[in-house]
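Enquirer: Pasting a structure here, questions to come.
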């Protein structure tokens, strides 16, 4: 073959190779494009999955924040309600004190305080307060002993015992004697029960007991009968109002009677009452003990007395 023919063959072969190379390049480019498109889809899938995860986290956070806000709101509401309840409780305690100091009637007590007074009985706080007071009385009397001359006495206000209608009170105490307990909401029964227990403890220590009453002297026999039916007996003396003392203020009446006792040589070691008029004034002796006086008892007592008065 001539040199020209060889040259032509080499050029043809080179062009063929170039053509093949171009084809390969095209195929490679197509492969790269196709490969790039596949990687982009995978990345998009990951991106979408990431967005979904972030969305779930955001929803979870929103739910958590909502629950936290609701809980915080409930707590704040609870705190406000507790503060309101606490304010009412303290208000009723102060009102109760001033009510006793001024002898207020049941219809003068704010309605909000009646629920606290009822809970005071039903919740057992009245019984606990009475027991604490009894412990204080016993602790004091343990430091002294009755004198042989019987002139050291303890004064006890009995009008709370006799405040209710006698028949009603006797029914309560008969119920207690039958079943051995009082209903937790029955203030009258609880009051008589605790007072009688205190009376018997004092009597067992051989303390001379002087009973004080605001009732008129003409009711002495009825009063003695009522006391005896309730389990009170063996007192040293029973002081009741003379006709000339009926118009007298009860504080003045008690002060005059105590002063007369001291003038006769009687030594007053203690005065026990639920009512402030018996615990104020002159000649109060060595100690004064205020027994708890639940407002609910006053409601019940006045309702009973009104019912029987009509």
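The values are calculated or read from the model by the stated rules, or taken from the named source; none is laboratory data. This one's a predicted model, so the numbers in the text were calculated from it and none came from an experiment. Every residue, glycine among them, receives a Cβ derived from its backbone with ideal geometry; neighbour counts consider all protein chains shown.
Enquirer: Just checking, how many residues over the stretch 123-158 are closer than 19 Å to residue 291 by Cβ and not in a loop (DSSP other than H, G, I, E, B)? Spell out how you get there, then give the answer.
Expert: Restricting attention to the stretch 123-158, the residues satisfying the condition of being closer than 19 Å to residue 291 by Cβ are 123-142, 153-158.
Filter again for not in a loop (DSSP other than H, G, I, E, B), leaving 125-141, 153-157.
Qualifying residue count for the region: 22.
Enquirer: Here is a further query. Would you be able to say whether some residue in the stretch 222-236 is outside any helix (DSSP H, G or I), in contact with a strand residue (DSSP E or B) (Cβ under 6 Å, 6 or more places away or on another chain) and either under 27 Å from residue 127 (Cβ atoms) or modelled with pLDDT under 95 (or both)?
Expert: Step one: of the stretch 222-236, the residues outside any helix (DSSP H, G or I) are 230-236.
Going one step further and asking which of them are in contact with a strand residue (DSSP E or B) (Cβ under 6 Å, 6 or more places away or on another chain), we end up with 235-236.
Those left that are additionally either under 27 Å from residue 127 (Cβ atoms) or modelled with pLDDT under 95 (or both): 235-236.
Among the residues of the stretch 222-236, at least one is outside any helix (DSSP H, G or I), in contact with a strand residue (DSSP E or B) (Cβ under 6 Å, 6 or more places away or on another chain) and either under 27 Å from residue 127 (Cβ atoms) or modelled with pLDDT under 95 (or both), which makes the answer yes.
Enquirer: Could I ask something else about it? Go through the residues of the stretch 86-98 one by one and say whether even a single one is in contact (Cβ under 8 Å) with a residue 24 or more places away in the chain, more than 17 Å from residue 201 (Cα to Cα) and not in a helix (DSSP H, G or I). Quick ask: steps written out before the conclusion?
Expert: As a first pass, look at the stretch 86-98 and keep what is in contact (Cβ under 8 Å) with a residue 24 or more places away in the chain: 88-89, 92, 96.
Subset that is more than 17 Å from residue 201 (Cα to Cα): 88-89, 92, 96.
Now restrict to residues that are not in a helix (DSSP H, G or I): none.
No: the stretch 86-98 contains no residue that is in contact (Cβ under 8 Å) with a residue 24 or more places away in the chain, more than 17 Å from residue 201 (Cα to Cα) and not in a helix (DSSP H, G or I).
Enquirer: Go through (1) touching a residue at least 40 places away in the same chain (Cβ under 8 Å); (2) surrounded by 15 or more Cβ atoms within 10 Å (Cβ to Cβ) for residue 104 and report which single condition fails.
Expert: (1)
Enquirer: Can you find, within the stretch 219-244, the residue that is farthest from the chain's Cα centre (by Cα) among those that are surrounded by 13 or more Cβ atoms within 10 Å (Cβ to Cβ) and over 25 Å from residue 151 (Cα atoms)?
Expert: 219
Enquirer: Next up: Pull up the stretch 262-285, narrow it to residues that are within 24 Å of residue 195 (Cα to Cα) and without any contact (Cβ under 8 Å) to a residue 60 or more places away in the chain, then point me to the one that is farthest from the chain's Cα centre (by Cα).
Expert: Going through the qualifying residues, I end up with 283.
Enquirer: Provide a single number: the residues in the stretch 242-261 that are touching a strand residue (DSSP E or B) at 6+ places or on another chain (Cβ under 8 Å), part of a helix (DSSP H, G or I) and farther than 17 Å from residue 101 by Cα.
Expert: Within the stretch 242-261, residues that are touching a strand residue (DSSP E or B) at 6+ places or on another chain (Cβ under 8 Å), part of a helix (DSSP H, G or I) and farther than 17 Å from residue 101 by Cα number 4.
Enquirer: Another question, then. Do we find that residue 206 is in contact (Cβ under 8 Å) with a residue 40 or more places away in the chain and either part of a helix (DSSP H, G or I) or loosely packed, with under 15 Cβ neighbours inside 10 Å (or both) in this structure? Even if it seems obvious, please write down each step before you answer.
Expert: On the way: in contact (Cβ under 8 Å) with a residue 40 or more places away in the chain: yes; either part of a helix (DSSP H, G or I) or loosely packed, with under 15 Cβ neighbours inside 10 Å (or both): yes.
So residue 206 fits the description; yes.
Enquirer: Tally up the residues in the stretch 163-187 that are surrounded by fewer than 21 Cβ atoms within 10 Å (Cβ to Cβ) and modelled with pLDDT of 65 or more, please.
Expert: Of the residues in that region, 1 qualify.
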